[in-house]
Amino acid sequence: MFSAAVVEAREPADKPNIIFILIDDLGKEWLSCYGGEGIQTPQIDSLAASGTMFNNAYSMPQCTPSRACFMTGQYPFRNGWVNHWDSPRWGAGYFDWSKNPSIARSMKAAGYTTGVAGKWQLNDFRTHPEAMVKHGFDDYCMWTGAEGSKVKGHANISTQRYWDPYIHTKQGSKTYKGKFGPDVYNDFVLDFISDNKEKPFFIYYPMALTHGPFVHTPLSLNAKTKHEKHVAMVEYTDHLLGKIIAKLESEKIRNNTIVIWTCDNGTSGAMTNLRNGRKVRGGKTKTTENGVNTPFIVSCPGMVPAGKKSDALVDFTDMHQTFTDLAGGKPEAGYDYDGFSLKKVFLGTEEKNQRPWILGMGSHPARLTEKGVENVYYFRDRVIRNERYKLFIDVNRKPVKVVDVLNDLDEKVNLIGKPKFKAECDKLIAVIPLLPKQDNDPSYTRLPATDWEKISSVKSQTHKKGHPEYLAPKRRKSNK
């Protein structure tokens, strides 16, 4: 457990180490420090007590948009990854290092050693075995993703991320028999810390937990029901965090390592829990607060104020600017960025940053056409919010609802048209003309189709009738 004593913030004496921990599919309702009930998360709670807990931090509502947003410092409408796309499972599109900025490359340019472990899913390691190095990571330990059906030359393919995981490292991909995947990824992080403690390092740690399938863990071998397994998986994320903090302390670098703990989107809709006495269903894929307003904790004793709760506006595009600012560097040149530096907010020297609003958008699979991977809509529906009010914008770029998120937790009461709230509504609606009329599609260099792409991509074509985001085929301008 960490000390909850309140300390004054200070500037880092040297380049601080940065560890960005990204949990998969977990909302605030499952963390006791955010009011979650019936769950034990003592290590996460202590991390929050030792640092600053943010109330208004936005991710995107599903895996790919959030991860690409973090890596690029760009909103999905700019980087093109508006819709979810599982490259190992579906083939075709991938996160192209030659066409997208990378936070890892920016940190390397600032003098940092970089590592990554856990879930990636933006590249197929069969096609791009060195993708992580190309994106700027010096070392890596990655779940391969759901690489799909067995095909010629890949008879040992596995989709397992948890028990008997199939993992890709610099030594290649293999199954770790009898191992629990999250332990393998976490052990890599622990070793990386020890190996690089004498110089500044940046670790991106996108945990595989707590995404389905729901499984028992080494600490809860008797978990049987879906609920029991989910609780076990949440509590195991807590256990793994404790190991990381203990490692930083034993290596005597805890006070110069900024730990950011957050999640990529809300919990699966199959799970419900009480938060501050209110039943909350998982909001994954939704732009309601349970889908995009993520837990977000920043801790570094003596550097980040302890025991503090902040209402500052934060979203994932800010990380690229913030981390390079903390590192004394700059984001990779040649790209446009959407984020703001939160350095002063993290260090407690300012209560708020320059950001007037945060944005959430994107969800569900993209579609595969003869042009490649394309977003389903010209203009994806999205939400814009400030510290109190939130605007919902539809696929026609029209304002459809403004809600008071502080007093209307169900986000049901539409304030548009109510004279008392006209000024607040107009302020948010004025953002719409600043947004692009059409979202970009993913930008990548087209490659010849692989055997597994030909097999698996047929299943992913979202322009088929019956798909939840079906759109009749129509001519559209390509952004490639």
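Values in this text are rule-based calculations from the coordinates and carry no lab data. Only a predicted model underlies this, so the values are computations on that prediction, with no experimental measurement involved. Neighbour counts are summed over all protein chains in view; Cβ atoms, including those assigned to glycine, are modelled from backbone coordinates with ideal geometry.
The value for the stretch 254-398 of Rg(Cα) / (2.2 N^0.38 Å) is 1.21. Measuring between their Cα centroids, the stretch 240-266 and the stretch 333-399 lie 27 Å from each other. Expressed to the nearest 5 percent, the antiparallel share of DSSP beta bridges inside the chain is 55 percent. Counted by Cβ distance under 13 Å from Gln74, the other residues give a net charge of -3, where Lys and Arg count +1 and Asp and Glu count -1. By the beta-carbon count within 10 Å of each Cβ, the least crowded to most crowded order of Tyr204, Tyr377, fewest first, is Tyr377, Tyr204.
Assign one of three labels to the stretch 162-202, namely rounded, prolate or oblate, based on the Cα gyration tensor with a ≥ b ≥ c the square roots of its eigenvalues; rounded applies when a/c is under 1.5, prolate when it is not and a/b is larger than b/c, and oblate otherwise. Taking the square roots of the gyration eigenvalues as a ≥ b ≥ c, the stretch 162-202 is prolate.
If I model the chain as equal point scatterers sitting on the Cα atoms and use the Debye formula, what is log10 I(q)/I(0) at q = 0.10, 0.13 Å⁻¹? Per q value, in the given order, log10 I(q)/I(0) is -0.72, -1.29.
Over all other residues within a Cβ to Cβ distance under 11 Å of Met233, the charged ones net out to -3, with Lys and Arg as +1 and Asp and Glu as -1.
The simple spin-label model puts a point 7 Å past each Cα toward its Cβ; for Lys371 and Asn407 those points are separated by 4.5 nm.
The ranking of Tyr337, Tyr140 from fewest to most other beta carbons within 10 Å of each one's beta carbon is Tyr337, Tyr140. Over the residues of the chain, the helix contribution to mean residue ellipticity at 222 nm works out to -6500 deg cm²/dmol, using -39500 (n - 2.57) for each DSSP H run of at least 4.
Return the subset of Lys134/Lys352; Lys119/Lys243; Lys28/Lys243; Lys279/Lys398; Lys179/Lys284 for which the Cα-Cα distance in this structure is over 24 Å, preserving the input order.
Values: Lys134/Lys352 35 Å; Lys119/Lys243 19 Å; Lys28/Lys243 22 Å; Lys279/Lys398 31 Å; Lys179/Lys284 28 Å.
Listed pairs above 24 Å: Lys134/Lys352; Lys279/Lys398; Lys179/Lys284.
Taking a ≥ b ≥ c as the square roots of the eigenvalues of the alpha carbon gyration tensor, the stretch 342-418 is oblate, as a/c is not under 1.5 and a/b does not beat b/c. Based on alpha carbons, the Rg and Dmax found for the stretch 78-146 are 12.1, 36 Å. Within the shell defined by Cβ-Cβ distances under 12 Å, the residues around Leu221 carry a net charge of +1, with Lys and Arg each +1 and Asp and Glu each -1. Rounded to the nearest whole angstrom, the semi-axes of the ellipsoid equivalent to the stretch 75-193, taken from the Cα gyration tensor as √(5λ), stand at 23, 20, 12, largest first. This model, with +1 at the C-beta of Lys and Arg and -1 at the C-beta of Asp and Glu, gives the chain a dipole about its Cα centre of some 1580 debye. Can you tell me, using C-alpha contacts under 8 Å and at least 6 residues apart, the relative contact order of the chain as a whole percent? Contact order relative to length: 25 percent.
Would you list Leu409, Leu359 from fewest to most Cβ contacts within 10 Å? Don't skip to the end; give the middle numbers.
Details: Leu409 16, Leu359 24.
Listing Leu409, Leu359 from fewest to most nearby Cβ atoms yields Leu409, Leu359.
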